[in-house]
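**Q** The structure is given below, and queries will be raised subsequently.
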Amino acid sequence: MDFEGPSTLSLLIGLPLLYLVVRRTLAPMGTVQRTASLLVRAAVASLLILALAGAVFHRKQAKLFVVFLTDCSQSISQESRGQAESFLADGLKRLSGRHEAAVAGFAAEPSAVQRVAEKARRSPRLTVSSATDETDIASTLDLARATFPSGYSKRIVLLTDGNETVGDAEQAALLAASEGVRIFTVPLRSAQDDLLLVEGMDAPSEVKRGEPFVLRARCRVRDATRVTARLLRDKFMLAERNLDVPAGASNVEFHDRALEEGIHTYEVECEAGGDSRRDNNRATSVVMVKGRPRVLYLEGNEPEGRYLMSALEAENFAVELRGRMGMPSSLAELSGYDLVVLSDVPATALTNAQMELLRAYVSDLGGGFIMLGGDESFGLGGYYGTDVEKLLPVHVQPEMKKEKPTLAMMLLIDKSGSMTGLKMDLAKEAAIATAELLGPDDKVGVVAFDGAAYWIAPLQSGRDKFAIVDKISAIQAGGGTNMYPALEMAYDALSVAEAK
């Protein structure tokens with residue numbers, strides 16, 4: 001213990017005076033109370049005197065074991081390498097004699113941890129035997145964690161640009177922290193801060209023969225500059241572009257069309273004046289080119305299908321044209337096509353099972369699907385509420401006034417004597433229910449027959465359905481049976497009706 005003002009300690013001489021104060025107090029206290037009061041007052045007075053004297057307590061400092069880990073991968077710029085060496089040398093010099101230190105370099109793998117003797121507190125030259133195009137921070141932290149001797153406080157100083165390519169450094173750091181290891185990081189400038197860096201190239205992994213596609217190079221430049229970009233396919237140059245690229249991240253796009261089946265390697269090379277490094281200015285990607293895309297084309301009006309078929313074949317599609325009933329009945333057969341086109345095919349041409357297959361083909365297998373318009377497509381084709389409608393980006397319910405076709409219907413009711421009782425009642429209920437379903441633009445007529453035919457209600461607008469219902473309700477059974485005159489009357493009425 002040390003004191004900032006030791007002369008103040010002379011006040012401790014006056015502590016015996018507290019005994020006289022307690023002894024002469026007029027408060028009624030027993031011997032135990034008087035003794036406790038004296039001790040408490042003496043303790044408080046002593047603490048106040050020690051505080052005034054500036055008492056300083058010294059705790060014995062734990063010994064440190066510090067491991068310096070330096071990133072030696074090629075992502076570190078040359079300038080940062082020199083800065084790392086200077087930092088390491090300075091850090092080793094600052095450690096007092098009672099502390100220990102060790103150093104290691106790392107890239108794809110860490111080098112052996114080298115213990116630094118107290119008398120040689122200068123940084124040894126760090127080298128790595130592993131590949132320098134990868135960076136594994138996690139394995140390096142694990143190695144350092146395993147080298148700490150017992151009886152020391154554990155410290156790791158990590159010098160890196162953080163550009164990890166292998167392992168999980170965050171998980172390794174959490175594990176080290178759980179064992180009492182404190183980690184300090186020193187950021188290094190990455191070689192990615194060079195004038196130009198190609199970070200990678202985005203390209204489809206698979207395309208069909210004849211299919212156009214985009215290749216996108218992801219570039220990063222330190223300052224706005226002019227860049228020359230080249231695209232190579234299988235080592236042969238396809239295109240070259242000169243463009244002004246702003247500072248920061250940018251994309252350079254190239255377009256190509258797959259003409260030959262097989263595996264093709266695409267490479268992008270970028271150049272910029274004043275760029276000191278060229279090894280990080282290129283990126284590659286592999287594209288698999290398969291056969292021509294196959295199209296299953298179902299056309300409700302087959303003679304009309306030749307136009308779209310010719311257009312698709314001109315774009316290098318293999319097209320199979322079928323009629324409205326040609327939908328495959330198994331997912332295995334359907335999966336052999338890349339695209340399904342329904343043109344003027346009504347929902348009645350597909351079973352519920354085939355609609356479910358089409359849904360699975362699109363949603364689960366990623367197949368393409370196109371529905372073309374027509375008199376029997378979308379809502380007019382009856383697809384409202386079906387699995388096929390769920391695949392479309394639009395709702396297909398038709399607008400009643402604009403799209404729904406008008407209907408002309410003749411109801412023929414047998415009123416012969418054999419229809420008495422329940423039969424007649426059921427026939428009239430069915431006719432009434434049918435009439436009530438019709439819209440205002442539809443037309444309905446009613447003919448009853450026994451041995452002859454009778455007009456109950458001539459063909460008229462559905463707006464008069466309530467009057468028609470009353471007339472149907474009044475029909476009574478009786479007489480013979482001759483259906484043909486009633487059919488002739490209905491045919492004649494429908495032949496001249498303006499309805500679809």
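The values are calculated or read from the model by the stated rules, or taken from the named source; none is laboratory data. Not measured: the values here are computed from a predicted model. As a convention, Cβ positions derive from the backbone with ideal geometry for all residues, glycine included, and neighbour counts pool all protein chains shown.
**Q** Which one is nearest to Ala203 (Cα to Cα), of the residues in the range 270-286 that are buried (at least 18 other Cβ atoms within 10 Å of the Cβ) and touching a Ser or Thr at 6+ places or on another chain (Cβ under 9 Å)? Step through it out loud before you land on a result.
**A** Within the range 270-286, the subset buried (at least 18 other Cβ atoms within 10 Å of the Cβ) is 270, 272, 275, 280-281, 283, 285.
When the remaining residues are screened for being touching a Ser or Thr at 6+ places or on another chain (Cβ under 9 Å), the result is 270, 272, 275, 280, 285.
On the way: Cys270: 17, Ala272: 23, Asp275: 26, Asn280: 19, Ser285: 7 Å.
Ranking the candidates gives Ser285 first.
**Q** Report, by residue number, each residue of the range 160-210 that is touching an Asp or Glu at 6+ places or on another chain (Cβ under 6 Å) and part of a strand (DSSP E or B).
**A** Within the range 160-210, Thr160, Ser190, Leu196 meet the criteria.
**Q** Among the residues of the range 206-253 satisfying the criterion of being surrounded by 14 or more Cβ atoms within 10 Å (Cβ to Cβ) and of a type in the set (S, T, N, Q), which is nearest to Arg282 (Cα to Cα)?
**A** So the residue we want is Ser250.
**Q** Test Ala146 against the criterion of being without any contact (Cβ under 8 Å) to a residue 12 or more places away in the chain and of a type in the set (A, V, I, L, M), and give yes or no. It would help to see each step written out before you state the result.
**A** Working: without any contact (Cβ under 8 Å) to a residue 12 or more places away in the chain: yes; of a type in the set (A, V, I, L, M): yes.
In short, yes.
**Q** Report those strands (runs of 3 or more DSSP E) wholly inside the range 395-500 carrying at least 3 residues which are surrounded by fewer than 16 Cβ atoms within 10 Å (Cβ to Cβ). Write out each step before concluding.
**A** Values: elements: 408-414, 443-449, 453-461.
Strands (runs of 3 or more DSSP E) meeting the threshold: 453-461.
**Q** Got at least one residue in the range 357-364 being within 33 Å of the chain's Cα centre (by Cα), assigned to a loop (DSSP other than H, G, I, E, B), crowded, with 18+ Cβ neighbours inside 10 Å and in contact (Cβ under 8 Å) with a residue 24 or more places away in the chain?
**A** At the first step, the residues of the range 357-364 found to be within 33 Å of the chain's Cα centre (by Cα) are 357-364.
If we keep only those that are assigned to a loop (DSSP other than H, G, I, E, B) too, we end up with 364.
Retained after the next criterion (residues that are crowded, with 18+ Cβ neighbours inside 10 Å): none.
Taking every residue of the range 357-364 in turn, none turns out to be within 33 Å of the chain's Cα centre (by Cα), assigned to a loop (DSSP other than H, G, I, E, B), crowded, with 18+ Cβ neighbours inside 10 Å and in contact (Cβ under 8 Å) with a residue 24 or more places away in the chain.
**Q** Which residues, counting only those in the range 258-282, are within 32 Å of the chain's Cα centre (by Cα), of a type in the set (Asp, Glu) and in a strand (DSSP E or B)?
**A** Those that are within 32 Å of the chain's Cα centre (by Cα), of a type in the set (Asp, Glu) and in a strand (DSSP E or B): Glu267, Glu269.
**Q** In the range 92-105, is there at least one residue being surrounded by 13 or more Cβ atoms within 10 Å (Cβ to Cβ), part of a helix (DSSP H, G or I), at pLDDT 70 or above and not basic (Lys, Arg)?
**A** yes
**Q** Another one. Tell me yes or no: at least one residue of the range 173-193 is touching a residue at least 12 places away in the same chain (Cβ under 8 Å), in contact with a Cys (Cβ under 6 Å, 6 or more places away or on another chain) and under 30 Å from Ala239 (Cα atoms). First the steps, then the outcome.
**A** Step one: list which residues in the range 173-193 are touching a residue at least 12 places away in the same chain (Cβ under 8 Å), which gives 173, 175-176, 179-193.
Adding the requirement that they be in contact with a Cys (Cβ under 6 Å, 6 or more places away or on another chain) leaves none.
Checking the range 173-193: not a single residue is touching a residue at least 12 places away in the same chain (Cβ under 8 Å), in contact with a Cys (Cβ under 6 Å, 6 or more places away or on another chain) and under 30 Å from Ala239 (Cα atoms).
**Q** Could I ask something else about it? Could you identify the single residue in Asn242, Asn251 that is over 32 Å from the mean Cα position of the chain (by Cα) and free of Cβ contacts under 8 Å to residues at least 60 places away in the same chain?
**A** The conditions single out Asn242.
**Q** Let me ask something else about it. For residues that are under 30 Å from the mean Cα position of the chain (by Cα) and of a type outside the set (A, V, I, L, M), scanning just the range 214-232, find the one that is nearest to Ile263 (Cα to Cα).
**A** Residue satisfying both the conditions and the ranking: Arg216.
**Q** For the range 330-356, what are the residues that are loosely packed, with under 15 Cβ neighbours inside 10 Å and part of a loop (DSSP other than H, G, I, E, B)?
**A** Answer for the range 330-356, where residues must be loosely packed, with under 15 Cβ neighbours inside 10 Å and part of a loop (DSSP other than H, G, I, E, B): Ser330, Gly336, Thr351.
**Q** Given the criterion free of Cβ contacts under 8 Å to residues at least 40 places away in the same chain and out of contact with any Lys or Arg (no Cβ under 7 Å at 6 or more places or on another chain), identify the matching residue among Ala452, Ala431, Ala435. Explain how you work it out, then say what you get.
**A** Details: Ala431 fails: free of Cβ contacts under 8 Å to residues at least 40 places away in the same chain; Ala435 fails: out of contact with any Lys or Arg (no Cβ under 7 Å at 6 or more places or on another chain).
Step by step, each of Ala452, Ala431, Ala435 is checked, and only Ala452 is free of Cβ contacts under 8 Å to residues at least 40 places away in the same chain and out of contact with any Lys or Arg (no Cβ under 7 Å at 6 or more places or on another chain).
**Q** Out of curiosity, is Ala62 modelled with pLDDT under 80 and not in a helix (DSSP H, G or I)?
**A** Against the criterion (modelled with pLDDT under 80 and not in a helix (DSSP H, G or I)), Ala62 qualifies.
**Q** With Arg322, Arg257 as the choices, which residue is of a type in the set (Lys, Arg), in the same structural domain as Arg209 (by TED's automatic domain parsing) and out of contact with any helix residue (DSSP H, G or I) (no Cβ under 8 Å at 6 or more places or on another chain)? Talk me through it step by step, then tell me what you get.
**A** Details: Arg322 fails: in the same structural domain as Arg209 (by TED's automatic domain parsing).
Matching residue, one of Arg322, Arg257: Arg257.
**Q** Oh, and also: Determine which member of the set Leu372, Leu339 is modelled with pLDDT of 90 or more and more than 30 Å from Asp464 (Cα to Cα).
**A** On the way: Leu372 fails: modelled with pLDDT of 90 or more.
Of Leu372, Leu339, the one residue that is modelled with pLDDT of 90 or more and more than 30 Å from Asp464 (Cα to Cα) is Leu339.
**Q** With (1) surrounded by fewer than 19 Cβ atoms within 10 Å (Cβ to Cβ); (2) in a loop (DSSP other than H, G, I, E, B); (3) in contact (Cβ under 8 Å) with a residue 60 or more places away in the chain as the list, and Glu376 as the residue in question, which single condition is left unmet?
**A** Glu376 satisfies all of (1) surrounded by fewer than 19 Cβ atoms within 10 Å (Cβ to Cβ); (2) in a loop (DSSP other than H, G, I, E, B); (3) in contact (Cβ under 8 Å) with a residue 60 or more places away in the chain except (1).
**Q** Are any of the residues in the range 115-132 assigned to a loop (DSSP other than H, G, I, E, B), under 23 Å from Gln78 (Cα atoms) and at pLDDT 90 or above?
**A** To start, the set of residues in the range 115-132 that are assigned to a loop (DSSP other than H, G, I, E, B) comprises 117, 121-132.
Add one more test, that the residue is under 23 Å from Gln78 (Cα atoms), and what stays is 122-132.
Going one step further and asking which of them are at pLDDT 90 or above, we end up with none.
Within the range 115-132, none of the residues are assigned to a loop (DSSP other than H, G, I, E, B), under 23 Å from Gln78 (Cα atoms) and at pLDDT 90 or above.
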